[in-house]
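A short write-up of the structure that comes next.
The numbers here are math on the coordinates, done by the rules we state, and not lab data. Since the model is a prediction, treat every value here as computed from it, not as a measurement. Here the Cβ is made from the backbone with ideal geometry for all residues, glycine too, and neighbour counts use every protein chain on show.
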């Protein structure tokens, strides 16, 4: 009787631990095969047949359609370069240049993956509509209140993430460093 009770307890512990780890992995993901440059993180293999099972579970759960490896790559950031979470009540600047790409988009999402609601109905920028300096660099101000230049409203949400999608780019599985792919800096410049 004691053996059966011990086996039953071990089975319950193993099942709980297995389901718990699977849930955490499917909801938050893990860092297998990730590429991190500054605050930006990408999974270059997500649009290939070599996708890891954990990333596949995250995609199945979210319903996201990843960019195929031949088409481009998506980088995301939930913190600035100093590792502070992106806060919609603060002023944040995304500045610099992007890696070589035919086209890119920068989009603002809430922590659940939805576009951030705002009164301007502006959710992102594209490489074709951004105002640049003479040297090709740009500066996007992300804030709750209107700012001059390239401004992306946050709607005052507490936390958000940025998605930078690069289309038709050489950045991918072989990319390892900032020199291979110069990513824009993310800086919190003011917080009330």
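Modelled label positions at residue 57 and residue 10, each set 7 Å beyond Cα in the direction of Cβ, lie 2.3 nm from each other. Taking each residue as 0.36 nm, the span from residue 122 to residue 135 lengthens on full extension beyond its C-alpha to C-alpha distance by 2.1 nm. Each peptide among 83-95, 109-121, 133-145, 6-18 gets the average number of other Cβ atoms lying within 10 Å of its residues, and from highest to lowest they stand as 83-95, 133-145, 109-121, 6-18. Note on residue 71/residue 95: beta-carbon distance plugged into 1/(1 + (r/R0)^6) with R0 of 22 Å gives a FRET efficiency of 0.25.
Annotation for residue 151 and residue 64: the two label points, set 7 Å from Cα along the Cα-Cβ direction, are 3.0 nm apart. If R0 is taken as 25 Å, the Cβ-Cβ distance between residue 159 and residue 23 corresponds to a FRET efficiency of 0.75.
Rounded to the nearest 0.05, the FRET efficiency derived from the C-beta distance between residue 83 and residue 112 at R0 = 30 Å is 0.85.
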